[in-house]
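Structure record follows, encoded as structure tokens.
The values are calculated or read from the model by the stated rules, or taken from the named source; none is laboratory data. Keep in mind that what you see is a predicted model, and the values were worked out from it rather than measured. Cβ coordinates were reconstructed from backbone atoms using ideal geometry, including for glycine residues, and neighbour counts include every protein chain displayed. Side chains included, ligands, DNA and RNA excluded: accessible areas come from the protein's heavy atoms. Shrake-Rupley method; radii C 1.70, N 1.55, O 1.52, S 1.80 Å.
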Amino acid sequence: MAQSSGTTSCLGCLGTLFFIVFVVPSIISGLFAVFRGEASLGIKNCSFNITNGSFSCKPEITAKYQFLNITNLKVKQDEIIDAIQKFHAQVNQADCLSVYEQSSETFQKANSLPHFLMYCDAIQRNSGKTSAFEILGWEWLPSDHQANEFIRVHLWVHGQRSNREELLVWQMQGPNVQLVSHAYGLIPTQFGGR
């Protein structure tokens, strides 16, 4: 019986810890966004109970910028998936020059063409042609002053010789999707990658 009550109190501690670690910072950052003018504070779901005279409303923080309130999520994800497929098709065909020419200005400033061509060649040489990929995670990053959205995508990529993890950042402005950065790590298939 004592063990059961100890477990219950421990679960209560975990719930409190979760609230403190995840919920409180979210509320605080939302309030800071309101004070900085990046969001507005409003109320919704107001109710009035006639029998006891109580009145209540739920506060709501509405972001002014898209990175806090993403619109057309499914359409944007589909456009990014198309860009990822195109990227892998170009690398498979050793068309690294096209990848570079279609990348963002930020990407080109960070990578010289000769350096990127060697890097791109190494991807295919080490991993082989890409046969498939799985998206492990999406992360929308803050947009910039020119209304560009930035999306980080974490992939598991199946190659002929080895599998690899990839981390790509894409820049979107309307339907225009451009590569901002790419990083990968090889996981040899003989060691039981996914």
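Could you work out the pair-distance distribution P(r) of segment 70-186 from its alpha-carbon pairs, with 10 angstrom bin width and percents rounded to whole numbers?
13, 48, 32, 6, 0
What is the calculated FRET efficiency for Asp78 to Glu134, with r their C-beta to C-beta distance and R₀ = 25 Å, to the nearest 0.05?
So the FRET efficiency works out to roughly 0.95.
On the Cα set of segment 67-139, report Rg and Dmax in Å, please.
Taking only Cα atoms of segment 67-139, I get Rg and Dmax of 14.1, 41 Å.
Return the carbon/sulfur percentage of the accessible area of segment 70-186, one whole number, probe 1.4 Å, all protein chains in place.
52
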